[in-house]
Amino acid sequence: MSENNKQDLIVIGAGPGGYVAAIRAAQIGMTVRIIEKETIGGTCLNVGCIPTKALYANAGTVNTFRNSAYHGIISSGFELDMKAVLRNKKKIVKQFTLGVKSLLKANKVKTVIGTAKFFGLSELEVETAEGRIERHTADHIIIATGSKSAALPANGADLDVVINSTGALELETVPEHMLVVGAGVIGIELAGIYRSFGSKVTVIEFMPNILPNMDHEVASKLQKEMEKAGIRFFLDSKVVSIEKKDGRAAAKIESGGQTFEETCDVVLNATGRLPNIDGLNLEALGIQHDRQGFIAVDENYETSVKGVYAIGDVIPGFMLAHVASAEGIVAVERINGQDSEVDMNLIPQSVFSFPEFSSIGKTEEELIAQNIDYIASRSYFRGNGKALTMHDAEGIIKVLASPDLQTILGVHILGPHANDLIAESAAAMYSMLTIEEYASIMRGHPTLSEALAEAVENFLGTAIHVPPQRKK
Ligand code: FAD
């Protein structure tokens with residue numbers, strides 16, 4: 001057992017919440033140690049955002065090949081080399097995680113590879129990768145231990161034909177038929193990727209809508225686009241059991257009062273994620289969390305125990321990398337006496353589907369539920385020159401504003417590069433632009449941002465490429 005010097009801050013977990021908090025603290029001048037039990041970069045860099053987007057880029061290229069005739073390029077077929085796809089993904093992940101490692105080092109953040117648990121107030125016990133037990137102490141400790149896949153609530157969920165998102169990023173062959181359980185962001189993204197790779201894809205969702213927390217009108221347009229691409233959806237449905245038959249999976253599905261069986265090669269469990277507090281020994285200090293394990297925090301991200309903070313997927317709220325990072329920065333700055341905060345009304349949400357779907361602010365359903373008056377305006381990418389040249393013009397932009405047009409309440413974009421375009425709306429909402437001010441910003445031509453401008457101008461009746469529409 002070895003003792004370590006007391007630090008200003010120890011961060012448990014080196015995902016986008018933890019490593020960003022550690023670097024921000026070092027920038028401020030704190031002495032910092034970060035403890036990570038697996039790989040620097042956490043879920044996002046190793047088995048989440050980055051590898052899925054690597055596969056998404058491959059899937060997009062496949063789609064470009066498929067549609068190349070539209071652009072006058074006649075190719076004589078193509079082959080998908082999954083080994084090369086996985087090699088490429090691994091290389092990207094390695095490059096990014098090595099980059100983060102060297103950033104930590106450059107900021108003089110000491111990294112310890114080991115599993116941390118609370119031992120006492122301000123004190124952690126760490127079992128290092130080499131099997132040593134160490135004690136580490138700090139004035140402040142941030143828990144940034146992230147999340148893990150929730151178990152599939154069905155008989156047979158532990159069979160080897162059932163995989164989670166991590167397994168879906170490691171498949172060496174493209175399954176003939178993939179059954180995706182859960183039409184949240186992860187399920188929708190992987191369904192689109194594997195459909196592009198050539199799998200037959202069936203999605204089972206318990207709720208009546210795909211992406212249940214996003215704007216329903218826009219989400220149902222995405223569903224239609226995915227159906228056009230050949231993906232089948234069973235909504236209001238659930239998988240009740242899975243059996244292995246001749247090396248394949250036979251899933252029993254309840255849908256619309258009927259029970260039927262789907263045979264597939266693999267069942268992807270994308271039913272959600274739960275906070276990861278396993279083995280942290282939170283009970284030793286009495287750190288409060290709910291039944292699922294989400295740690296309770298106040299506006300400083302401080303837990304029920306003074307000096308112990310929690311950020312990212314392990315606390316209630318959005319389970320997104322940029323939210324984890326923002327919370328990490330704010331937690332550290334608040335320890336430092338600054339009054340920074342994360343504006344939870346301005347969180348961009350990105351879905352890397354075909355086409356992309358991005359949102360910021362309130363959905364129409366939230367406005368109705370919260371009794372907030374609003375009006376909606378829409379524009380369509382089919383009236384946008386750049387989208388037409390890209391042969392990617394199926395999409396909608398929906399903007400929600402207060403009836404006096406003084407406040408932008410929400411923006412929902414389905415279409416090419418939606419996840420980049422949303423940054424413009426984030427800036428407009430952050431700057432509290434009125435609809436008239438937002439509409440008066442000039443965009444270059446021909447760009448996708450012109451479609452966004454048209455949705456905004458449409459409130460004022462000044463959009464040129466949108467037929468006049470009735471306002472709600
Ligand atoms: P994590 O990234 O989960 O990191 C927690 C770290 O803590 C892990 O490395 C873990 O090993 C470590 N740890 C846990 N317990 C201990 C312990 N006792 N001691 C030491 N270390 C410990 N979000 C987006 O914003 N955009 C996306 O495109 C996106 N795509 C995703 C795709 C998939 C397939 C998945 C699964 C997630 C995706 N996410 C995406 C979500 C994103 O990955 C998470 O929101 C983000 O990683 C949360 O960051 P975090 O720092 O809270 O936790």
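Data for the structure
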{"read-out": "Among residues of the range 108-141, those that are touching a strand residue (DSSP E or B) at 6+ places or on another chain (Cβ under 7 Å), more than 13 Å from the ligand (Cβ to nearest atom), more than 23 Å from residue 275 (Cβ to Cβ) and of a type in the set (Gly, Ala, Ser), counted", "value": "0"}
{"read-out": "Tally, over the range 434-472, of residues that are buried (at least 21 other Cβ atoms within 10 Å of the Cβ) and outside any helix (DSSP H, G or I)", "value": "2"}
{"read-out": "Residue 144 vs. criteria within 30 Å of residue 305 (Cβ to Cβ), within 14 Å of the ligand (Cβ to nearest atom) and surrounded by 15 or more Cβ atoms within 10 Å (Cβ to Cβ)", "value": "yes"}
{"read-out": "Residues (of a type in the set (Val, Ile, Thr), out of contact with any Lys or Arg (no Cβ under 9 Å at 6 or more places or on another chain) and under 24 Å from residue 309 (Cβ atoms)) located in the range 100-141", "value": "100, 128, 141"}
{"read-out": "Members of the range 280-319 that are charged (D, E, K, R), in a loop (DSSP other than H, G, I, E, B) and within 14 Å of the ligand (Cβ to nearest atom)", "value": "none"}
{"read-out": "Residue in the range 89-131 that is nearest to the chain's Cα centre (by Cα), counting only those that are β-branched (Val, Ile, Thr) and within 30 Å of residue 194 (Cβ to Cβ)", "value": "93"}
{"read-out": "Every residue from the range 236-270 that is part of a loop (DSSP other than H, G, I, E, B), in contact with a strand residue (DSSP E or B) (Cβ under 8 Å, 6 or more places away or on another chain) and surrounded by fewer than 18 Cβ atoms within 10 Å (Cβ to Cβ)", "value": "236, 256"}
{"read-out": "Scan of the range 395-433 for residues that are closer than 30 Å to residue 57 by Cα, in contact with a strand residue (DSSP E or B) (Cβ under 8 Å, 6 or more places away or on another chain) and in a loop (DSSP other than H, G, I, E, B), ordered by number", "value": "395, 415"}
{"read-out": "First in the range 90-109 and within 21 Å of residue 32 (Cα to Cα) and assigned to a loop (DSSP other than H, G, I, E, B), second anywhere and of a type in the set (A, V, I, L, M, F, W, C) and modelled with pLDDT under 95, Cβ under 7 Å, 6 or more apart", "value": "none"}
{"read-out": "Top-ranked residue of the range 286-321 - restricted to ones that are of a type in the set (Gly, Ala, Ser) and within 29 Å of residue 351 (Cα to Cα), ranked as farthest from the chain's Cα centre (by Cα)", "value": "296"}
{"read-out": "The range 381-394, subset among the aliphatic types (A, V, I, L, M) and outside any helix (DSSP H, G or I), residue nearest to residue 361 (Cα to Cα)", "value": "393"}
{"read-out": "Breaking point among (1) of a type outside the set (Asp, Glu); (2) at pLDDT 95 or above; (3) more than 18 Å from residue 166 (Cα to Cα), for residue 55", "value": "(3)"}
{"read-out": "The range 257-279 - residue that is on the phi > 0 side of the Ramachandran plot and touching a residue at least 12 places away in the same chain (Cβ under 8 Å) and, of those, farthest from the ligand (Cβ to nearest atom)", "value": "272"}
{"read-out": "Of all residues in the range 222-255 being of a type in the set (Asp, Glu) and at negative phi, the one that is nearest to the chain's Cα centre (by Cα)", "value": "225"}
{"read-out": "Count of residues meeting criterion [within 7 Å of the ligand (Cβ to nearest atom) and of a type in the set (D, E, K, R)] in the range 20-75", "value": "4"}
{"read-out": "When residues of the range 147-184 are limited to those that are part of a helix (DSSP H, G or I) and under 15 Å from the mean Cα position of the chain (by Cα), the one nearest to the ligand (Cβ to nearest atom)", "value": "165"}
{"read-out": "Condition broken by residue 350, with the remaining ones in (1) buried (at least 19 other Cβ atoms within 10 Å of the Cβ); (2) outside any strand (DSSP E or B); (3) near the ligand (Cβ under 9 Å from one of its atoms) satisfied", "value": "(2)"}
{"read-out": "Residue 166 vs. criteria under 30 Å from residue 246 (Cα atoms), touching a residue at least 40 places away in the same chain (Cβ under 8 Å) and not acidic (Asp, Glu)", "value": "yes"}
{"read-out": "Selection from the range 371-392 of residues that are within 17 Å of residue 464 (Cα to Cα) and aliphatic (A, V, I, L, M)", "value": "387, 388"}
{"read-out": "Those residues of the range 178-231 which are in contact with a His (Cβ under 9 Å, 6 or more places away or on another chain) and basic (Lys, Arg), in sequence order", "value": "200"}
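The values are calculated or read from the model by the stated rules, or taken from the named source; none is laboratory data. Everything numeric here is computed off the predicted structure, so don't read it as measured data. So basically every Cβ, Gly included, is an ideal-geometry build from the backbone, and we count neighbours across all protein chains shown.
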